[in-house]
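For reference, the structure discussed in these notes is given below.
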Amino acid sequence: MTAVSMDGIMHNNFQSIRETEDELSTSLAQMFIDAIPKRKHSIQEQPSVEALAENDIKILLLENLNEKAIEIFNQEGYQVESYGDSLSEEELIDKIGDVHVIGIGPKTKITANVLKHATNLMTIGCFCIGTGNVDTEYAASLGIAVFHSPFSNSRSVAELVVANIINLARQVGDRSNELHNGVWKSSSKGCWEIRGKILGIIGYGHIGSQVSILAEALGMHVIYYDVQTVMPLGGAKQVPTLNTLLKKSDFVSLHVPENCETLDLLGRPQFAVMKKGSYVLNTSRGSAIDMDALIEALKTKKLVGAALDVFPNEPLRKASIGSNNRLNKYISKLSTIPNVILTPHIGGSTEEAQDAIGEEVAESLINYLNEGNSIGAVNFPQIELKTTKSNKFNGNNSQEQNLVRILYIHNNIPGVLRTINNILWDHNIEKQYYDSTSNISYLITDIRASSHSEIMDIYEQLESTPDKLLVRLLYC
C-alpha cells in the first residue's frame, strides 16, 4: 500500500485518475481522495512504479546514512534528500517542516521543539541501536512512529571490544605510537595473555552477550551484571551486584543505554573497589563514566588501561577536537596517559553493520508508510495486518467495491473506539486490528467502498473526531 496523509500526498502514476480527472469535482477534498494511488508492493505481478511528483513523500536523511537505505527509498519512488552531517536544532527546524520521514544516526537530537515544527512528519527512523536522541514520548503524542535497528551492529561493536581487550593487554596502542615516532621499544613488562582472565560485562543485552561469546572462545572467564535476570550464554555467570563484578574482573566492559540510572555508573566509588591493575572499556554511552574519576584512576595506576569509543559531548559532525572545549578537556588529558585507546564512536562503523542497519530500518519505514504495519516501533502499538490484493479504483460509476485501508491513531481514552465504529458500522469491514499502549491507540481497518464520495465521507468524519492524532488512507 502507498501511504496518503492528510497533507495531500499525490502520485502521478494513477492513469485512470488522469483520464477522468476533468469529469470529477474540483473541490480540494475531492481532489485529495481522487489522487490516492494504488498500492505499491514488491511482488512480481505488480507493474513497475513511476517516479513520484514533487509533492510526494519526502525523506530527509542525516549523518551520511548507508547507501543501501537511499537505494531502497529511491526504488520506492520517494524524494530523498541526504546530508553527510547532523544538523543543529535550528537547522532541523528549518528543514523539517515539509518532511514526511526523517532518518538519523546517533548524533541528531529530535527534541519536542523540533517535532512541534514537523507538521507533515509521519515517522522517524533511527539508523542505530538506540533511540535516546529522540523524544519518543512526544513523538507518539503527535502520532509519529519511531523505528530503530536493535540488533544489526551488535557483532561489529562486539568485535571492537574484544580487539581492544587484546590491544590493552599487550599495550599495542603505545607500541604503535612509539614506532610511528621512530622509537623501537620491545618489552613484555605489563603485557599479558587474555586467556584465563576475567571479563566483567555490565549490561548483558544484544552486544554484551555477543562479547561474552567471543571472549569465552578466546579462553576468558565471563561474568556479567544486569538489572534484569538474563539467561547466560555458554559458561558466563550472572552476579548479583555491580560491586561484585567490579571486585572480581580484570577487564570491565560497559554495554548500557543512556538514562538517569546509568549516568556516571562508573565513578570514584566504583573505581575504588576494582582490582588494582584492571582495565575499563566503554562502547555504550559516554555519560556512563565519570571522566574526571576515570582520569584520576588511570593516573594513580589503579587502572592500567582504558579503551573509549564514546564520550560526553560528542561533536555533531567531523570537526577539530579543539573546537569542542568540553570534549577537548578530557581528550587532552587522556591522550597523555599510557595505554589509553581513544576512537571516535566507530563501534558500529563497519560496512556490514551499516548495510544491515540501512536495510532493516528502511524496510520498517516502508512497511509503515505503505502498509501501516508498526512492528518494531519503539513508541507505538505493535500491529501487522496482511494486505489483500484487489483491483485498482475504476471510478465513481464502477459497481466493484474497492479495498481501502484506514489508519487511525488516537489518544487512548474510553469511548473513542465506539465513535469510530459508529462511523464505520454500515460499511463492509474486511479486517480490523487494534492495539494500545498506555497513551496511544492504533486502529487499522480494511473496508470495501463503492465510490470516491463514500471514502471522502468516511475520511472527513474521522478527521473531525476530537481525540484523533492522525488519519491516513491507503488504497489497495
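Quick one: the Cα spread of segment 261-386 along its three principal axes, in angstroms, biggest first?
In descending order, the Cα extents are 61, 34, 25 Å.
Quick one: accessible surface of MET231, probe radius 1.4 Å, all protein chains present, in square angstrom to the nearest 10.
Taking all protein chains as shown, MET231 has close to 140 Å².
On the accessible surface of segment 93-231, probed at 1.4 Å, how many percent belong to carbon and sulfur atoms?
Here carbon and sulfur together make up 53 percent of the probe-accessible area.
Provide the convex hull volume over Cα atoms per residue for segment 127-286, in Å³.
Hull volume over Cα atoms, normalised by residue count, gives 146 Å³.
For a protection proxy built on the mean count of beta-carbon atoms within 10 angstrom, sort 412-421, 170-179, 377-386, 133-142 highest first, please.
133-142, 377-386, 170-179, 412-421
How far apart, in nanometres, would the label points at SER453 and LYS329 be if each is projected 7 angstrom from Cα along the Cα-to-Cβ direction?
It works out to 6.9 nm between the two label points.
Kirkwood Rh over alpha-carbon pairs of segment 230-330, then Stokes-Einstein at 4 °C and 1.567 mPa s: what D in µm² s⁻¹, rounded to an integer?
D, rounded to a whole number, is 88 µm²/s.
After finding the eigenvalues of the alpha carbon gyration tensor for segment 66-111, what semi-axes result from the square roots of 5 times each, listed largest first in whole Å?
So the equivalent ellipsoid measures 20, 13, 8 Å along its semi-axes.
Using label points projected 7 Å from each Cα along Cα→Cβ, tell me how many nm separate ASN64 and ASP355, to one decimal.
1.9 nm
Over all directions, what mean area does the Cα convex hull of segment 209-263 project, stated in square nanometres?
It is 4.0 nm².
Please compute the Kirkwood hydrodynamic radius of segment 287-341 from all pairs of different C-alpha atoms, in Å with one decimal.
With all distinct Cα pairs of segment 287-341 included, I get 11.8 Å.
Give me the tail of P(r) for segment 166-207 as a percent: Cα-Cα pairs with distance above 12 Å.
69 percent
Take the alpha-carbon centre of segment 106-157, take the same for segment 170-213, and report the distance between them in whole Å.
34 Å
Once you order the gyration tensor axes a ≥ b ≥ c over the Cα atoms, which shape class does segment 60-214 get: rounded for a/c under 1.5, otherwise prolate or oblate by comparing a/b with b/c?
prolate
For segment 325-366, evaluate the Debye formula with one uniform point scatterer on each Cα (no solvent term) and list log10 I(q)/I(0) at q = 0.15, 0.25, 0.29, 0.32 Å⁻¹, rounded to two decimals.
The computed values of log10 I(q)/I(0) come out as -0.59, -0.84, -0.98, -1.06.
The values are calculated or read from the model by the stated rules, or taken from the named source; none is laboratory data. All values reported here derive from a predicted model rather than from experimental measurement. Note: ideal-geometry Cβ built from the backbone for every residue, glycine included; neighbour counts use all protein chains shown. Quick note on the areas: whole protein, heavy atoms, side chains included, nothing else; ligands and nucleic acids left out. Shrake-Rupley method; radii C 1.70, N 1.55, O 1.52, S 1.80 Å.
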